[in-house]
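As structure tokens, the structure follows; a few thoughts come after it.
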Amino acid sequence: MPSISENLTIGVFAKASGVHVETIRFYQRKGLLPEPEKPLGSIRRYGQADVTRVRFVKSAQRLGFGLDEIAELLRLDDGTHCEEASSLAEHKLKDVREKMADLARIEAVLSELVSACHLRKGNVSCPLIASLQSSASPAMP
């Protein structure tokens, strides 16, 4: 007879994992979580290993990994492929640093435009709108 921790319905499993039932089903469709067999005339049951796996997925998502990257990490989850996992993490770190640099550039431009908006006087065109309009205009041949 399976233990209670290996006898979770999908609702209890979702609650224990901190996600919605639809998230469980989505992960199953994406191949991130196996779908247990459905005994004849009964319902599927999940166990502690499934809860651990969903928590792994959620932790990886919080670090910015996409579902394909998470699938690769799950493939390496036995802990003996540290070099491969490290390579994935280094790639993710590079992406994060690039995004941070992009965000810093965006912050600088927006800060300038907001300052220009606050300094404008009279019926002068809004600097933010003018900047967006000039960026949206097609290049002249």
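The values are calculated or read from the model by the stated rules, or taken from the named source; none is laboratory data. Everything quoted here is computed from the prediction, not taken from an experiment. Glycine also receives a Cβ, built like all others from the backbone with ideal geometry; neighbour counts cover every protein chain displayed.
Does Arg75 satisfy the condition of being out of contact with any Pro (no Cβ under 6 Å at 6 or more places or on another chain) and exposed (fewer than 10 other Cβ atoms within 10 Å of the Cβ)? Even if it seems obvious, please write down each step before you answer.
Values: out of contact with any Pro (no Cβ under 6 Å at 6 or more places or on another chain): yes; exposed (fewer than 10 other Cβ atoms within 10 Å of the Cβ): no.
Judged against the criteria, Arg75 is not a match.
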Taking the options Lys92, Lys99, name whichever one is touching a Phe, Trp or Tyr at 6+ places or on another chain (Cβ under 8 Å) and either surrounded by 10 or more Cβ atoms within 10 Å (Cβ to Cβ) or in the same structural domain as Gly31 (by TED's automatic domain parsing) (or both). Lys92
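Please go through region 72-88 and pick out each residue that is part of a helix (DSSP H, G or I) and within 22 Å of Leu33 (Cβ to Cβ).
Selection gives Glu72, Leu73, Leu74, Arg75, Glu84, Ala85, Leu88.
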Could we say that Ser125 is exposed (fewer than 12 other Cβ atoms within 10 Å of the Cβ) and more than 30 Å from Val12 (Cβ to Cβ) here? yes
